[in-house]
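Trainee: One structure, as structure tokens, below. Some questions next.
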Amino acid sequence: MNKSINQFIKFCIVGFFGALLNYSTFFILYNYLSVYYIISSGTGFILSVFLAFYLNKKYTFNIVTKSKNKLVKYFSVNIFSLILGLLSLAFFVEILFINIYIANLLIIGIQTTSNFLGSKLFVFR
């Protein structure tokens, strides 16, 4: 199998576990501990980025060196993808009048691709 395709599949698997941690953290903090929803969501996002960074570094891209610089780059890529996704969502819904649920599925693809390319070409190269 092509190395990039293999990495992309692993990246998506890691992303699934990151999303699971993100949502679980949000759900527990918000529903059981009554933490404000913005803080609950932000906490879930941050924890999932740390988990995804570690798993992508070790499992997806097979990097063994330690580097705080890579973590900062990884956060930057994820923040860029978050902003890109939110802007794309607004464009799809407000300008193109695409159904919000379909638009949200489209941005998941955009964000996944953006995160993968940023991780492969910028963070873990």
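Bear in mind that the values in this text are calculations on the coordinates, not laboratory data. Computed from a predicted structure; not experimentally measured. As a convention, Cβ positions derive from the backbone with ideal geometry for all residues, glycine included, and neighbour counts pool all protein chains shown.
Trainee: Take the residues in the stretch 73-107 that are among the hydroxyl-bearing types (Ser, Thr, Tyr) and surrounded by 15 or more Cβ atoms within 10 Å (Cβ to Cβ); name whichever of them is nearest to PHE124 (Cα to Cα). Walk me through it before giving the result.
Mentor: Within the stretch 73-107, the subset among the hydroxyl-bearing types (Ser, Thr, Tyr) is 74, 76, 81, 88, 101.
So of that shortlist, the ones also surrounded by 15 or more Cβ atoms within 10 Å (Cβ to Cβ) come out as 74, 81, 88.
Numbers: TYR74: 9, SER81: 16, SER88: 26 Å.
Top of the filtered list is TYR74.
Trainee: Could you check how many residues of the stretch 72-119 are charged (D, E, K, R) and closer than 14 Å to GLY15 by Cα?
Mentor: 0
Trainee: Which condition from (1) farther than 16 Å from SER119 by Cβ; (2) outside any helix (DSSP H, G or I); (3) out of contact with any helix residue (DSSP H, G or I) (no Cβ under 8 Å at 6 or more places or on another chain) is the one that THR65 breaks?
Mentor: Going through the list (1) farther than 16 Å from SER119 by Cβ; (2) outside any helix (DSSP H, G or I); (3) out of contact with any helix residue (DSSP H, G or I) (no Cβ under 8 Å at 6 or more places or on another chain), THR65 breaks only (1).
Trainee: Of the residues LEU51, LEU55, LEU71, which is in a helix (DSSP H, G or I) and either farther than 21 Å from GLN7 by Cβ or touching a residue at least 40 places away in the same chain (Cβ under 8 Å) (or both)? Don't jump to the end; show me each part of the working.
Mentor: Numbers: LEU51 fails: either farther than 21 Å from GLN7 by Cβ or touching a residue at least 40 places away in the same chain (Cβ under 8 Å) (or both); LEU71 fails: either farther than 21 Å from GLN7 by Cβ or touching a residue at least 40 places away in the same chain (Cβ under 8 Å) (or both).
Within the list LEU51, LEU55, LEU71, the selection yields LEU55.
Trainee: So, in the stretch 1-37, exactly how many residues are among the aromatic types (Phe, Trp, Tyr), within 27 Å of PHE124 (Cα to Cα) and surrounded by fewer than 12 Cβ atoms within 10 Å (Cβ to Cβ)? Show your work before the answer.
Mentor: Narrowing the stretch 1-37 to residues among the aromatic types (Phe, Trp, Tyr): 8, 11, 16-17, 23, 26-27, 30, 32, 36-37.
Narrowing further to those that are within 27 Å of PHE124 (Cα to Cα): 8, 11, 16-17, 23.
Pick out the ones that are also surrounded by fewer than 12 Cβ atoms within 10 Å (Cβ to Cβ) and you get 16.
Residues flagged as among the aromatic types (Phe, Trp, Tyr), within 27 Å of PHE124 (Cα to Cα) and surrounded by fewer than 12 Cβ atoms within 10 Å (Cβ to Cβ) within the stretch 1-37 amount to 1.
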